[in-house]
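Written out below as structure tokens is the structure these notes cover.
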Amino acid sequence: MILTGQLDSPFVRRVAIAMHHYGLLFEHHVISAYDDFGELLALNPLGRVPALQLEDGTVLTDSTLILDYLDRLAEPDKVLLPEVAAVRAHLLRHLGIALGLAEKAVEFRTETVRRAEEKIDAGRVARIRAQIAACLTWLEAHTPENGYLAGDRLTHGDIASAVAMTFILAKNPEHLEAGDGGAEKVYPNLMDHRRRCETFLAFRSAPFPDDA
């Protein structure tokens, strides 16, 4: 299998981490969603990352759909989304907010860095900031002080939350510095949870690029 996209994308990175966790062998094709847009369009008509090419040539797109497929290849004791309905619903709720945070964090970068200054919509940027702040507040309130979302077991929700936090810390840490004391006091559960996740071998095998 071939995974396309850069690891500074939280969506590419969550797929890579899951693949390492599952012990799945894959090649990593590093291209930029911006600088290599033409090449990416040939692979994915939406021009987005990640894209995963299977051994038969089929190309899957969208991180959640890719992981839905990969979950079927995993050993039962490693699956990152439990089948028990009540536990699954809890994790899906958390996963939805964490993915929304990642989406808005990337959108903020697009609006404030990629767009020409005279074309930046201040109202839109303010709305994105508010969405990011609301997601962070919700996730902080629903993230355990110790362990992971399903106790001592890593899940897709944990991965999505951690990669979003790492992205924000690297790209726009000001989102985490509201109030007194900075991120460690405002979002202690999220910050500790991110650190715990980043110690996993699967995370260290797909590190956020230092030069991103």
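A short reminder: the numbers here are calculations on the coordinates, not readings from a lab. Note that the structure is a prediction, hence the values are computed from the model and not measured. Glycine gets a Cβ as well: all are built from the backbone with ideal geometry, and neighbour counts include every protein chain shown.
Given the C-alpha centroids of region 192-212 and region 103-167, what is the distance between them in whole angstrom? Each part reduced to its Cα centre gives a spacing of 16 Å.
The mean sequence separation of alpha-carbon pairs under 8 Å and at least six residues apart, normalised by the residue count of the chain, gives a relative contact order of 24 percent. Here's the list of lysines a cross-link from Lys171 could span, going by alpha-carbon distance under 30 Å and ignoring same-chain residues fewer than 8 apart: Lys104, Lys119, Lys185. Taking all Cα pairs closer than 8 Å and separated by 6 or more residues, the relative contact order of region 82-148 comes to 39 percent. Largest mean-square fluctuation among Val84, Val186, Val106, in a Gaussian network model of the chain whose springs join Cα atoms under 10 Å apart, belongs to Val84. Extension gain, Asp71-Glu177: 0.36 nm per intervening residue step, less the Cα-Cα distance, totals 34.6 nm. Taking other residues whose beta carbon is less than 14 angstrom from the beta carbon of Ile66, and scoring Lys, Arg as +1 and Asp, Glu as -1, yields +1.
Dipole of the chain computed with +1 at Lys/Arg Cβ and -1 at Asp/Glu Cβ about the Cα centre; of Phe11, Ile31, Leu149, farthest Cα towards the positive end is Leu149.
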